[in-house]
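Colleague: What follows is a structure written as structure tokens; I'll ask about it next.
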Amino acid sequence: MSKIRMEKRRKVIDFTPVLDVHTNTSLGYLDDLTQKGALMVSEKPVESGQALTVAIEFRDSPNKPPSKHMIVSARVAWCKPEKHHTYYKVGLEFVDMLEQNMQMIEAILLKYEFSARRPK
């Protein structure tokens, strides 16, 4: 994987759980997102190189059930403890993306980009 990021990451501003599809357990929460991957925050370390199938649950608010979700194959590109060693930052690289997932990510990125703008 190239060290140079070609796509700008966009912060996710809502509570967005990431689940392991095979074990039905929480892996962490989405921090930012691109068409090619994501940054996840986790309470536990995740092994670099590990293949995962994850469900990302997009919610309209933290108190509501998911309004949308997508299931995607990902590879753990890296895992590092955050500054205070309370959580781990985990880089996920999406693999074999379906067109419908790419369209969903694009729509979500547009929604978050719009909602991040300050009113004039």
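Colleague: Taking only the range 1-20 into account, find how many residues are at pLDDT 90 or above and either within 14 Å of Phe94 (Cβ to Cβ) or surrounded by fewer than 11 Cβ atoms within 10 Å (Cβ to Cβ) (or both).
Modeller: 1
Colleague: Could you check how many residues of the range 74-102 are polar (S, T, N, Q) and surrounded by fewer than 17 Cβ atoms within 10 Å (Cβ to Cβ)?
Modeller: 2
Colleague: Consider only pairs whose beta carbons are under 8 Å apart and that are at least six residues apart or on different chains; among these, list those whose first residue lies in the range 82-98 and is over 19 Å from Thr34 (Cβ atoms) and whose second residue is of a type in the set (D, E, K, R).
Modeller: Glu82/Lys89; Tyr87/Glu43; Tyr88/Glu43; Tyr88/Lys44; Tyr88/Lys80; Tyr88/Glu82
Colleague: Here's another thing I want to ask about it. Considering each residue of the range 63-120, count those that are at pLDDT 90 or above, among the aromatic types (Phe, Trp, Tyr) and over 16 Å from Thr16 (Cβ atoms), and give that number.
Modeller: 2
Colleague: Sticking with this structure for a sec: Say we look at the range 30-45 and pick out the residues that are more than 21 Å from Asp96 (Cα to Cα) and acidic (Asp, Glu); which of these is surrounded by the fewest Cβ atoms within 10 Å (Cβ to Cβ)?
Modeller: Top of the filtered list is Glu43.
Colleague: Here's another thing I want to ask about it. Restricting to the range 46-62, give me the number of residues that are farther than 23 Å from Glu99 by Cβ and either among the β-branched types (Val, Ile, Thr) or at pLDDT 95 or above (or both).
Modeller: 5
The values are calculated or read from the model by the stated rules, or taken from the named source; none is laboratory data. Quantities reported herein were computed from a predicted structural model and do not represent experimental measurements. Note: ideal-geometry Cβ built from the backbone for every residue, glycine included; neighbour counts use all protein chains shown.
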